[in-house]
Every structure is written in structure tokens, then in C-alpha cells.
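Inspection log for the structure reproduced underneath, given as C-alpha cells.
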Amino acid sequence: MTTYEYSCAHCGRFVKRLPMGSAPSALDCPACGSRAGRVYSSPGLIRAPARLTTLREHEERSREEPEVIRRGSAAAPTARPAHPALARLPRSR
Ligand SMILES: [Zn+2]
């Protein structure tokens, strides 16, 4: 038996366990009876615990908008001192 996921336009997503390879492209929604189309999702992620889902969403968000950890207001990044050898380099005018 394999878990297949369907999406009803009125009730949202639901899962149905069927023999492998026998999933139709649409099923009747068990709640309202209207046709629900099959949804293709990653294996094993359908029934992930809520905590795991939350962590995954946080991890995906942090790729674009990483959270910055600050210790009070004095946590501004300190400028690194320039290497002394840089002072000997020729300057453009
Ligand atoms: Zn429905």
C-alpha cells in the first residue's frame, strides 16, 4: 500500500492509501464528495510531525532571510583592523 495525496477545492488536502500504481488522477473527496485531483508531493513528507514541518519551514525561510542574533545594542560587528602590509601597497590617485 502506498499513500497518495489529493486536494479538494473545498476541503483541502487528504491522503488515501492504495496499492502501488493504482492511484487514479482524481478521487471523490471523503468529506464533501466533490472531485479532488491528485497532488504530487515528496515521499515521506505527507505525514511529517508538526514540529518537523515547522523546522523545515524555518530552515527554508532562513535561506533567504537569515535571522541575525544580537546581544543587546552593542553587538554591532567590529571592523577588523587592516593588515599592516596593506599600508605598503601603492595607492591610486
Ligand atoms: Zn471536499
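The values are calculated or read from the model by the stated rules, or taken from the named source; none is laboratory data. In this text the structure is predicted, and so the values were computed from the model without any measurement. A quick note on method: Cβ atoms are made from the backbone with ideal geometry, for glycine too, and the neighbour counts reach across all protein chains shown. Calculation scope for accessible area: heavy atoms of the full protein, side chains included, ligands and nucleic acids excluded. Shrake-Rupley method; radii C 1.70, N 1.55, O 1.52, S 1.80 Å.
Key figures for this structure:
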{"item": "Residue ID - nearest to the ligand (Cβ to nearest atom), chosen from residues in the range 37-48 that are small (Gly, Ala, Ser) and either surrounded by fewer than 10 Cβ atoms within 10 Å (Cβ to Cβ) or at pLDDT 90 or above (or both)", "result": "Gly37"}
{"item": "Looking only at the range 1-11, and only at residues there that are among the polar types (S, T, N, Q) and surrounded by 13 or more Cβ atoms within 10 Å (Cβ to Cβ), the one that is farthest from the ligand (Cβ to nearest atom)", "result": "Thr3"}
{"item": "Long-range neighbours under 8 Å by Cβ, at least six apart or interchain, first residue closer than 16 Å to Thr2 by Cβ and near the ligand (Cβ under 10 Å from one of its atoms) within the range 12-36, second open to solvent by 70 Å² or more (accessible area, probe 1.4 Å) and in a loop (DSSP other than H, G, I, E, B)", "result": "Phe14/Pro30; Phe14/Ala31"}
